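Let me begin by presenting the structure, written as structure tokens, before commenting on it.
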């Protein structure tokens with residue numbers, strides 16, 4: 001059984017771009033991967049600080065910092081009244097608070113925001129994603145009408161490129177009967193409406209807060225779905241293996257207004273584990289991590305939600321997202337019951353992480369407690385956990401493989417060549433080449449982003465390009 005926080009499956013806002021982010025490489029054992037693109041500057045990785053062994057503090061002795069944001073004050077007051085909150089609750093409030101949440105105000109995406117997504121970098125990305133989806137309809141769609149679904153559509157750029165691609169192919173032209181967008185941000189919904197309304201009739205556009213609300217019309221339609229940089233923004237719980245079992249890491253008010261943050265950990269090769277036992281150093285004021293006083297039913301349930309977690313050594317932490325588990329199961333139900341195909345594209349790996357939770361502000365890495373409501377919060381995606389959820393649906397998962405492998409196998413070099421031939425000037429050609437290089441760079445976005453396919457039907461053979469790339473297997477074994 002999976003425990004869910006109230007409303008956590010309603011987070012539909014667009015997640016982040018890899019941009020300047022640095023995440024753990026899947027095979028590195030001593031250092032972080034670094035981006036070699038000039039536009040992708042590696043920055044120090046913040047880690048959760050050392051934990052206290054006790055629970056709640058005497059919160060009356062913890063003053064607010066002078067730079068507290070409105071949301072900081074709300075969270076501070078809630079903890080004072082009710083005690084420490086889970087990391088998932090903190091993340092949920094920071095990103096999705098109805099008034100002060102990060103995605104409910106401002107413009108997080110783009111050069112002026114906190115991140116830039118792959119579709120914003122090059123039209124190649126959306127076109128090749130669209131081609132893969134169309135290929136699945138051609139093979140399995142049986143000429144049915146199409147509904148296109150996106151989780152966290154951001155500014156609508158990816159959906160716009162996909163729809164343009166679908167309409168450019170003769171067999172699928174005019175087949176789209178509905179576009180369903182899972183999005184909670186009113187501001188982003190308006191931007192999506194403006195952009196996509198110029199592409200297709202407005203009556204075909206529909207918005208929802210949750211994947212469960214997207215219509216499932218059975219075999220009447222074929223579903224084409226994409227979740228790009230979505231699951232990294234879904235709240236996570238952090239649990240720690242102790243002699244008494246799993247205990248949950250909580251967020252509390254800091255007694256001294258001085259946060260401690262662990263220095264970057266050493267990485268281990270175990271596919272389910274990430275150690276973090278380094279000494280602490282000062283970070284930002286206001287909140288701190290504490291360890292629950294004893295093992296709770298929720299912590300025990302999370303620890304038992306995957307057989308892999310039983311291998312976690314004592315003293316280590318893991319990040320678990322039960323809401324992601326529930327959402328991807330909803331995706332599997334939608335695709336599996338009516339027929340369809342989908343792609344999940346995000347940074348992470350086929351394993352669990354222990355210290356990937358981090359913040360970004362204006363393309364720079366910041367502490368997760370820095371200016372709540374004004375910073376993007378993210379955590380690596382455990383693709384193995386998503387695949388475990390899909391086993392309860394009538395679908396087959398494929399991969400994940402790197403974004404580099406996916407785009408290359410889907411014809412990125414050929415498509416780039418054609419775009420360069422059609423470019424009107426040298427400036428456009430240079431922009432196209434740089435954008436494509438950034439997307440497929442194995443030392444950056446091309447290697448850190450993973451792509452997982454989902455197709456309806458159980459126990460299928462792998463579909464192209466998943467399982468067809470020998471270089472991918474060599475990369476994983478390196």
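The values are calculated or read from the model by the stated rules, or taken from the named source; none is laboratory data. Remember, it's a predicted structure, so these values are computed and weren't measured experimentally. Methodologically, a virtual Cβ is constructed for each residue, glycine included, from the backbone with ideal geometry; neighbour enumeration extends over all protein chains shown.
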Applying the selection to region 189-203, what residues are in contact with a strand residue (DSSP E or B) (Cβ under 8 Å, 6 or more places away or on another chain) and under 15 Å from residue 162 (Cα atoms)?
-> 192, 196, 197, 200
Here the residues within region 326-355 that are within 14 Å of residue 380 (Cα to Cα), in contact with a helix residue (DSSP H, G or I) (Cβ under 9 Å, 6 or more places away or on another chain) and at pLDDT 95 or above are 344, 345, 346, 348, 349, 350, 351, 352
Residue 236 passes all but one of (1) closer than 30 Å to residue 415 by Cα; (2) surrounded by 21 or more Cβ atoms within 10 Å (Cβ to Cβ); (3) in contact (Cβ under 8 Å) with a residue 40 or more places away in the chain; which number fails?
-> (1)
Check residue 315 against each of (1) closer than 18 Å to residue 246 by Cβ; (2) in contact (Cβ under 8 Å) with a residue 40 or more places away in the chain; (3) in a helix (DSSP H, G or I) and name the one condition it does not meet.
-> (3)
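Condition check ((1) touching a residue at least 12 places away in the same chain (Cβ under 8 Å); (2) within 30 Å of residue 71 (Cβ to Cβ); (3) in contact with a helix residue (DSSP H, G or I) (Cβ under 8 Å, 6 or more places away or on another chain)) across all residues:
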| residue | (1), (2), (3) |
| --- | --- |
| 363 | yes, yes, no |
| 390 | yes, no, yes |
| 404 | yes, no, yes |
| 408 | yes, no, yes |
| 423 | no, no, yes |
| 455 | yes, no, yes |
Does region 136-150 contain any residue that is closer than 14 Å to residue 464 by Cβ, crowded, with 22+ Cβ neighbours inside 10 Å and in contact with a helix residue (DSSP H, G or I) (Cβ under 7 Å, 6 or more places away or on another chain)?
-> no
Selection within region 418-451 - part of a loop (DSSP other than H, G, I, E, B) and either exposed (fewer than 15 other Cβ atoms within 10 Å of the Cβ) or more than 25 Å from the chain's Cα centre (by Cα) (or both) = 423, 424, 425
Go through region 452-478 residue by residue and tally those that are at pLDDT 85 or above and assigned to a helix (DSSP H, G or I).
-> 0
Of the candidates 153, 119, the one satisfying the condition of being touching a strand residue (DSSP E or B) at 6+ places or on another chain (Cβ under 6 Å), surrounded by 24 or more Cβ atoms within 10 Å (Cβ to Cβ) and either part of a loop (DSSP other than H, G, I, E, B) or modelled with pLDDT under 95 (or both) is 153
